[in-house]
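*Asks:* Below is a structure I'd like to ask you about.
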Amino acid sequence: LGKDKRGHVTPARTRQNNNGGRSGYECPEERDYYPYWAPTLQSDKLDRFQRTPWIDLAWLGDTSKCSFIKSNSFNRNSKWRCVLSTASDKRQYGKSITAKGCKAEKGKWVEFVSFLEVLKGATSEGACRAAQGKDSRNRIYWGTLRSDDSKKVCIVQAPEVMCKPAPLTRVNHLGNTGGGDDPNASRIEVDLPHFPSGEAKRCVMRMRYNISTGDYDPWRTDASSNNNKDVISNNPAIDVLGNGEKLQLALNTAQTGRTFQDRSHVFIVLPRLKSMSGKTIHNLNVKGKRGNLEQTFPANEYDFIPD
(Lines give C-alpha, C1' and ligand atoms only; values in the text may rest on other atoms or scores of the structure.)
Protein backbone atom coordinates (compact mmCIF):
# COMPACT_ATOMS: atom_id res chain seq x y z
CA LEU A 1 0.00 0.00 0.00
CA GLY A 2 1.00 3.61 -0.49
CA LYS A 3 2.93 5.32 2.29
CA ASP A 4 3.27 9.09 2.55
CA LYS A 5 6.06 11.11 4.18
CA ARG A 6 4.37 10.86 7.58
CA GLY A 7 4.26 7.07 7.43
CA HIS A 8 0.52 6.71 6.80
CA VAL A 9 -0.14 3.39 5.06
CA THR A 10 -3.34 3.34 2.99
CA PRO A 11 -4.27 3.05 -0.72
CA ALA A 12 -5.84 6.52 -0.43
CA ARG A 13 -2.36 8.09 -0.23
CA THR A 14 -0.15 8.07 -3.31
CA ARG A 15 2.54 10.23 -4.88
CA GLN A 16 -0.25 12.22 -6.55
CA ASN A 17 -2.55 12.19 -3.49
CA ASN A 18 -0.15 12.58 -0.57
CA ASN A 19 -2.85 14.14 1.59
CA GLY A 20 -5.22 11.20 1.10
CA GLY A 21 -7.70 13.23 -0.97
CA ARG A 22 -10.26 11.23 -2.96
CA SER A 23 -12.92 11.89 -5.57
CA GLY A 24 -16.08 9.94 -4.81
CA TYR A 25 -15.38 6.30 -4.06
CA GLU A 26 -12.16 6.09 -6.06
CA CYS A 27 -9.12 4.27 -4.75
CA PRO A 28 -6.21 6.60 -5.67
CA GLU A 29 -3.58 3.85 -5.56
CA GLU A 30 -5.61 1.57 -7.85
CA ARG A 31 -6.27 4.52 -10.17
CA ASP A 32 -2.58 5.39 -10.51
CA TYR A 33 -1.12 1.93 -11.07
CA TYR A 34 -2.00 -0.59 -13.77
CA PRO A 35 -2.08 -3.53 -13.77
CA TYR A 36 -3.02 -3.32 -10.11
CA TRP A 37 -1.62 -6.02 -7.81
CA ALA A 38 -4.73 -6.61 -5.69
CA PRO A 39 -8.20 -7.90 -6.55
CA THR A 40 -10.82 -5.25 -7.26
CA LEU A 41 -13.94 -7.31 -6.55
CA GLN A 42 -14.68 -8.60 -3.07
CA SER A 43 -17.93 -7.44 -1.49
CA ASP A 44 -20.40 -4.62 -1.23
CA LYS A 45 -18.99 -3.67 2.18
CA LEU A 46 -16.38 -0.92 2.02
CA ASP A 47 -13.69 -0.47 4.61
CA ARG A 48 -10.43 1.41 4.97
CA PHE A 49 -8.51 -0.92 2.67
CA GLN A 50 -11.30 -1.75 0.21
CA ARG A 51 -10.50 -1.43 -3.49
CA THR A 52 -12.90 -0.60 -6.32
CA PRO A 53 -14.79 -3.04 -8.61
CA TRP A 54 -13.41 -2.56 -12.13
CA ILE A 55 -13.10 -4.96 -15.07
CA ASP A 56 -10.58 -4.25 -17.82
CA LEU A 57 -11.92 -3.43 -21.27
CA ALA A 58 -8.89 -2.17 -23.21
CA TRP A 59 -5.31 -1.00 -22.76
CA LEU A 60 -3.89 1.36 -25.37
CA GLY A 61 -0.15 1.85 -25.42
CA ASP A 62 3.12 0.06 -26.14
CA THR A 63 2.02 -3.26 -27.66
CA SER A 64 5.32 -4.90 -26.65
CA LYS A 65 3.79 -4.91 -23.15
CA CYS A 66 0.63 -6.78 -24.22
CA SER A 67 1.76 -10.14 -22.84
CA PHE A 68 2.52 -8.54 -19.47
CA ILE A 69 -0.77 -6.60 -19.45
CA LYS A 70 -2.91 -9.65 -20.25
CA SER A 71 -1.15 -11.92 -17.78
CA ASN A 72 -1.64 -9.37 -14.99
CA SER A 73 -5.17 -8.21 -15.82
CA PHE A 74 -7.72 -9.31 -13.22
CA ASN A 75 -10.15 -10.33 -15.99
CA ARG A 76 -8.80 -13.87 -16.35
CA ASN A 77 -6.12 -14.03 -13.62
CA SER A 78 -6.72 -14.44 -9.91
CA LYS A 79 -5.38 -11.98 -7.34
CA TRP A 80 -4.60 -12.39 -3.64
CA ARG A 81 -5.75 -10.37 -0.65
CA CYS A 82 -5.10 -10.32 3.10
CA VAL A 83 -8.40 -11.04 4.89
CA LEU A 84 -8.61 -10.29 8.61
CA SER A 85 -12.26 -11.08 9.21
CA THR A 86 -15.05 -12.71 7.19
CA ALA A 87 -17.90 -11.94 9.56
CA SER A 88 -20.91 -10.82 7.51
CA ASP A 89 -21.27 -7.62 9.52
CA LYS A 90 -17.57 -6.87 9.89
CA ARG A 91 -15.60 -7.82 6.79
CA GLN A 92 -12.06 -6.47 7.19
CA TYR A 93 -9.05 -6.53 4.87
CA GLY A 94 -5.43 -6.02 5.86
CA LYS A 95 -2.91 -3.61 4.42
CA SER A 96 -0.38 -6.27 3.37
CA ILE A 97 0.17 -7.07 -0.31
CA THR A 98 2.31 -10.17 0.32
CA ALA A 99 1.59 -13.49 2.03
CA LYS A 100 4.45 -12.86 4.49
CA GLY A 101 3.06 -9.47 5.47
CA CYS A 102 -0.44 -10.93 5.82
CA LYS A 103 0.86 -13.58 8.21
CA ALA A 104 2.42 -10.84 10.32
CA GLU A 105 -0.99 -9.13 10.44
CA LYS A 106 -2.49 -12.44 11.59
CA GLY A 107 -4.64 -12.49 8.48
CA LYS A 108 -5.45 -15.15 5.90
CA TRP A 109 -3.96 -14.91 2.39
CA VAL A 110 -6.98 -15.44 0.13
CA GLU A 111 -7.22 -15.89 -3.64
CA PHE A 112 -10.00 -14.01 -5.49
CA VAL A 113 -11.32 -14.34 -9.03
CA SER A 114 -12.92 -11.60 -11.12
CA PHE A 115 -16.43 -12.00 -12.51
CA LEU A 116 -19.02 -10.22 -14.63
CA GLU A 117 -21.83 -12.00 -12.88
CA VAL A 118 -22.81 -15.28 -11.24
CA LEU A 119 -25.44 -17.34 -13.06
CA LYS A 120 -27.87 -18.14 -10.26
CA GLY A 121 -29.99 -20.31 -12.56
CA ALA A 122 -27.09 -22.67 -13.27
CA THR A 123 -26.98 -24.69 -10.06
CA SER A 124 -24.80 -27.57 -11.26
CA GLU A 125 -21.52 -28.05 -13.12
CA GLY A 126 -23.40 -29.54 -16.08
CA ALA A 127 -25.72 -26.54 -16.34
CA CYS A 128 -22.70 -24.25 -16.14
CA ARG A 129 -20.95 -26.09 -18.99
CA ALA A 130 -24.13 -25.77 -21.06
CA ALA A 131 -24.09 -22.00 -20.50
CA GLN A 132 -20.48 -21.85 -21.72
CA GLY A 133 -21.49 -23.68 -24.89
CA LYS A 134 -23.85 -20.82 -25.72
CA ASP A 135 -21.35 -18.02 -25.03
CA SER A 136 -18.38 -17.43 -27.34
CA ARG A 137 -17.14 -14.25 -25.64
CA ASN A 138 -17.00 -14.85 -21.89
CA ARG A 139 -15.41 -17.63 -19.89
CA ILE A 140 -18.03 -19.52 -17.86
CA TYR A 141 -16.98 -22.19 -15.38
CA TRP A 142 -17.97 -23.94 -12.14
CA GLY A 143 -15.83 -22.82 -9.21
CA THR A 144 -15.44 -20.69 -6.08
CA LEU A 145 -15.20 -16.91 -6.01
CA ARG A 146 -12.53 -16.99 -3.30
CA SER A 147 -10.24 -19.68 -1.94
CA ASP A 148 -11.68 -19.53 1.59
CA ASP A 149 -15.20 -20.33 0.37
CA SER A 150 -16.18 -23.94 -0.32
CA LYS A 151 -19.43 -23.09 -2.12
CA LYS A 152 -19.14 -23.45 -5.91
CA VAL A 153 -21.18 -21.32 -8.30
CA CYS A 154 -21.38 -20.70 -12.05
CA ILE A 155 -18.91 -17.86 -12.65
CA VAL A 156 -18.96 -15.63 -15.75
CA GLN A 157 -15.58 -14.02 -16.45
CA ALA A 158 -15.07 -11.17 -18.93
CA PRO A 159 -12.99 -11.60 -22.11
CA GLU A 160 -9.27 -10.89 -22.05
CA VAL A 161 -8.38 -7.21 -21.95
CA MET A 162 -7.93 -5.75 -25.44
CA CYS A 163 -4.38 -4.50 -26.05
CA LYS A 164 -3.80 -2.11 -28.95
CA PRO A 165 -1.65 0.90 -29.87
CA ALA A 166 -3.19 4.27 -29.10
CA PRO A 167 -4.15 6.51 -32.06
CA LEU A 168 -1.28 8.83 -32.97
CA THR A 169 -2.10 12.54 -32.75
CA ARG A 170 -0.19 15.76 -32.53
CA VAL A 171 0.34 17.23 -29.06
CA ASN A 172 -2.79 18.63 -27.36
CA HIS A 173 -4.99 17.80 -30.33
CA LEU A 174 -8.47 16.42 -29.68
CA GLY A 175 -9.72 16.35 -33.27
CA ASN A 176 -9.42 13.98 -36.21
CA THR A 177 -6.42 11.68 -36.62
CA GLY A 178 -5.05 9.37 -39.26
CA GLY A 179 -4.24 11.98 -41.92
CA GLY A 180 -4.77 11.39 -45.61
CA ASP A 181 -8.02 12.09 -47.40
CA ASP A 182 -10.20 10.31 -44.83
CA PRO A 183 -9.22 11.33 -41.27
CA ASN A 184 -11.37 10.12 -38.38
CA ALA A 185 -11.87 11.10 -34.77
CA SER A 186 -9.61 9.28 -32.29
CA ARG A 187 -11.45 6.24 -31.09
CA ILE A 188 -11.46 2.67 -29.98
CA GLU A 189 -14.38 0.48 -31.00
CA VAL A 190 -15.28 -2.21 -28.50
CA ASP A 191 -18.09 -4.63 -27.82
CA LEU A 192 -20.35 -3.87 -24.89
CA PRO A 193 -20.24 -6.44 -22.08
CA HIS A 194 -22.42 -9.48 -22.62
CA PHE A 195 -24.35 -10.74 -19.59
CA PRO A 196 -25.65 -14.26 -20.33
CA SER A 197 -28.24 -14.00 -17.53
CA GLY A 198 -30.21 -11.62 -19.74
CA GLU A 199 -30.71 -9.24 -16.83
CA ALA A 200 -30.40 -5.46 -17.18
CA LYS A 201 -27.09 -4.20 -15.78
CA ARG A 202 -26.12 -0.70 -14.68
CA CYS A 203 -22.53 0.01 -15.76
CA VAL A 204 -19.94 2.76 -15.39
CA MET A 205 -17.28 3.40 -18.04
CA ARG A 206 -13.97 4.67 -16.72
CA MET A 207 -11.14 6.07 -18.84
CA ARG A 208 -7.66 6.59 -17.45
CA TYR A 209 -4.84 8.25 -19.30
CA ASN A 210 -1.22 8.47 -18.28
CA ILE A 211 1.19 11.30 -19.04
CA SER A 212 4.44 9.45 -19.61
CA THR A 213 7.85 10.79 -18.75
CA GLY A 214 11.36 10.25 -20.06
CA ASP A 215 13.01 11.51 -16.87
CA TYR A 216 13.18 7.98 -15.43
CA ASP A 217 12.17 4.42 -16.35
CA PRO A 218 8.45 4.31 -15.47
CA TRP A 219 8.37 0.48 -15.52
CA ARG A 220 11.32 0.05 -13.14
CA THR A 221 10.87 2.93 -10.71
CA ASP A 222 8.98 2.39 -7.46
CA ALA A 223 9.14 3.35 -3.77
CA SER A 224 12.53 1.64 -3.43
CA SER A 225 13.94 4.35 -5.73
CA ASN A 226 13.16 7.16 -3.28
CA ASN A 227 16.17 9.42 -2.68
CA ASN A 228 18.23 7.58 -5.30
CA LYS A 229 20.34 9.68 -7.62
CA ASP A 230 18.93 7.95 -10.71
CA VAL A 231 15.50 9.57 -10.31
CA ILE A 232 14.43 13.20 -10.32
CA SER A 233 13.59 15.17 -7.18
CA ASN A 234 11.49 18.20 -6.36
CA ASN A 235 13.05 21.58 -7.23
CA PRO A 236 16.59 20.26 -7.81
CA ALA A 237 19.60 22.60 -7.88
CA ILE A 238 21.55 21.87 -11.07
CA ASP A 239 25.07 22.93 -12.04
CA VAL A 240 24.05 23.86 -15.58
CA LEU A 241 27.35 25.44 -16.74
CA GLY A 242 29.69 23.17 -14.78
CA ASN A 243 31.26 26.08 -12.89
CA GLY A 244 29.77 25.32 -9.48
CA GLU A 245 26.99 27.91 -9.81
CA LYS A 246 23.72 26.03 -9.36
CA LEU A 247 20.30 27.03 -10.63
CA GLN A 248 17.12 25.67 -9.12
CA LEU A 249 14.53 24.10 -11.41
CA ALA A 250 10.83 24.49 -10.66
CA LEU A 251 9.97 20.79 -10.78
CA ASN A 252 7.16 18.96 -9.01
CA THR A 253 7.63 15.19 -9.25
CA ALA A 254 3.91 14.66 -8.50
CA GLN A 255 3.24 16.15 -11.95
CA THR A 256 5.48 13.75 -13.89
CA GLY A 257 4.28 10.38 -15.11
CA ARG A 258 0.89 10.96 -13.56
CA THR A 259 -2.52 9.45 -14.22
CA PHE A 260 -5.83 11.21 -14.87
CA GLN A 261 -9.23 9.60 -14.63
CA ASP A 262 -12.69 10.20 -16.06
CA ARG A 263 -15.43 7.85 -14.93
CA SER A 264 -18.54 9.88 -15.56
CA HIS A 265 -20.04 7.66 -18.25
CA VAL A 266 -22.99 5.68 -16.85
CA PHE A 267 -25.09 3.41 -19.02
CA ILE A 268 -27.48 0.46 -18.71
CA VAL A 269 -27.17 -2.72 -20.76
CA LEU A 270 -30.69 -4.02 -21.46
CA PRO A 271 -31.68 -7.48 -22.65
CA ARG A 272 -32.36 -7.80 -26.39
CA LEU A 273 -35.84 -7.86 -27.81
CA LYS A 274 -36.79 -10.97 -29.77
CA SER A 275 -36.68 -8.92 -32.97
CA MET A 276 -32.95 -8.21 -32.33
CA SER A 277 -31.92 -11.85 -32.16
CA GLY A 278 -28.83 -12.59 -34.24
CA LYS A 279 -28.36 -8.96 -35.28
CA THR A 280 -25.47 -6.56 -34.66
CA ILE A 281 -26.44 -3.48 -32.64
CA HIS A 282 -24.37 -0.32 -33.14
CA ASN A 283 -24.15 2.20 -30.32
CA LEU A 284 -24.38 5.62 -32.05
CA ASN A 285 -23.37 8.62 -29.95
CA VAL A 286 -22.82 12.35 -30.30
CA LYS A 287 -19.43 13.89 -29.54
CA GLY A 288 -17.96 17.39 -29.46
CA LYS A 289 -19.12 20.77 -28.17
CA ARG A 290 -21.64 23.39 -29.25
CA GLY A 291 -20.15 26.11 -31.42
CA ASN A 292 -18.12 26.56 -34.58
CA LEU A 293 -14.60 25.30 -35.25
CA GLU A 294 -12.88 28.25 -33.58
CA GLN A 295 -15.21 28.33 -30.57
CA THR A 296 -14.78 24.64 -29.76
CA PHE A 297 -10.98 24.42 -30.28
CA PRO A 298 -9.07 22.40 -29.11
CA ALA A 299 -12.13 20.14 -29.04
CA ASN A 300 -14.37 19.90 -32.11
CA GLU A 301 -17.88 20.57 -33.29
CA TYR A 302 -20.81 18.25 -32.80
CA ASP A 303 -20.56 15.04 -34.77
CA PHE A 304 -21.70 11.45 -34.63
CA ILE A 305 -19.44 8.66 -33.41
CA PRO A 306 -18.77 6.25 -35.08
CA ASP A 307 -18.68 8.62 -38.06
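*Asks:* Taking Cα pairs under 8 Å and at least six residues apart, what relative contact order does the range 76-148 come out at, in percent?
*Replies:* The value is 28 percent.
*Asks:* I've got another one for you. For the range 170-307, take every pair of Cα atoms, bin their distances at 5 Å starting from 0, and report each bin as a whole percent.
*Replies:* Histogram of Cα-Cα distances, whole percents per bin: 2, 6, 10, 13, 12, 11, 11, 10, 9, 6, 4, 2, 1, 1, 0, 0.
*Asks:* Let me ask something additional. Working from the pairwise distances between different alpha carbons, so that the mean of 1/r is found and then inverted, what is the range 113-167's Kirkwood radius in Å?
*Replies:* 12.1
*Asks:* If you build a Gaussian network model of the chain, linking Cα atoms that sit under 10 Å apart, which residue out of 297, 112, 68 swings the most?
*Replies:* Taking springs between Cα atoms under 10 Å, the residue moving most is 297.
*Asks:* Suppose every K and R has +1 on its Cβ and every D and E has -1 on its Cβ; what is the size of the dipole of the chain about the Cα centre, in Debye to the nearest 20?
*Replies:* Taking the Cα centre of the chain as origin, the dipole is about 1340 debye.
*Asks:* Report, to one decimal in Å, the Kirkwood hydrodynamic radius for the range 56-96 based on all distinct Cα pairs.
*Replies:* For the range 56-96, inverting the mean 1/r across all distinct Cα pairs yields 12.9 Å.
*Asks:* Below 8 Å, C-alpha to C-alpha, sequence gap of six or more: please give me the relative contact order for the chain in percent.
*Replies:* Relative CO of the chain lands at 13 percent.
*Asks:* Of the heavy-atom accessible surface of the chain (probe 1.4 angstrom), what whole percent is carbon and sulfur?
*Replies:* 50
*Asks:* Roll a 1.4 Å probe over the protein chains and send me the accessible area per residue for the chain in Å².
*Replies:* 67
*Asks:* Right, something else. Is the range 51-201 rounded, prolate or oblate when judged by the Cα gyration tensor, a ≥ b ≥ c being the square roots of its eigenvalues, rounded requiring a/c under 1.5 and prolate requiring a/b larger than b/c?
*Replies:* Since a/c reaches 1.5 but b/c is at least a/b, the shape of the range 51-201 is classed as oblate.
*Asks:* Once you've got the GNM for the chain with C-alpha springs shorter than 10 Å, pick whichever of 224, 85, 114 has the biggest mean-square fluctuation.
*Replies:* 224
*Asks:* Calculate the length of the line joining the C-alpha centroid of the range 53-88 to that of the range 243-307, in whole Å.
*Replies:* Rounded to whole Å, the Cα centres lie 23 Å apart.
*Asks:* Take the Cβ-Cβ distance between residue 307 and residue 208 as r, set R0 to 25 Å, and report the resulting FRET efficiency rounded to the nearest 0.05.
*Replies:* For R0 = 25 Å, the calculated efficiency reads 0.55.
*Asks:* Taking H as built 1.01 Å from N, whose amide H comes closer than 5 Å to the amide H of residue 163, not counting residues under 5 places away?
*Replies:* The list, which skips near neighbours in sequence, is 59.
*Asks:* With +1 assigned to the C-beta of every Lys and Arg and -1 to the C-beta of every Asp and Glu, and no other charges, what is the dipole magnitude of the range 90-148 about the Cα centre in debye, to the nearest 20?
*Replies:* With Lys and Arg at +1 and Asp and Glu at -1, about 280 debye.
*Asks:* Something else now. When the chain is treated as a GNM, springs tying every alpha-carbon pair under 10 Å, which of 251, 241, 273 comes out with the largest mean-square fluctuation?
*Replies:* Of the options given, 241 has the highest mean-square fluctuation.
*Asks:* Among (i) -0.58, -0.70, -1.15; (ii) -0.75, -0.89, -1.30; (iii) -0.70, -0.81, -1.11, which is the computed log10 I(q)/I(0) by the Debye sum over Cα atoms at q = 0.10, 0.11, 0.14 Å⁻¹?
*Replies:* Answer label, from the structure shown: (ii).
*Asks:* Further question: Using Cβ-Cβ distances only, list the Cys residues of the chain with no partner cysteine under 4.7 Å, sorted by number.
*Replies:* 27, 203
*Asks:* Karplus couplings for the range 143-149 from phi (6.51 cos²θ - 1.76 cosθ + 1.60, θ = phi - 60°), rounded to Hz, Gly and Pro as x?
*Replies:* Here the 3J(HN,Hα) series is x, 9, 7, 8, 6, 9, 10 Hz.
The values are calculated or read from the model by the stated rules, or taken from the named source; none is laboratory data. This one's a predicted model, so the numbers in the text were calculated from it and none came from an experiment. Please note: Cβ atoms are built from the backbone with ideal geometry, for glycine as well, and neighbour counts cover all protein chains shown. Calculation scope for accessible area: heavy atoms of the full protein, side chains included, ligands and nucleic acids excluded. Shrake-Rupley method; radii C 1.70, N 1.55, O 1.52, S 1.80 Å.
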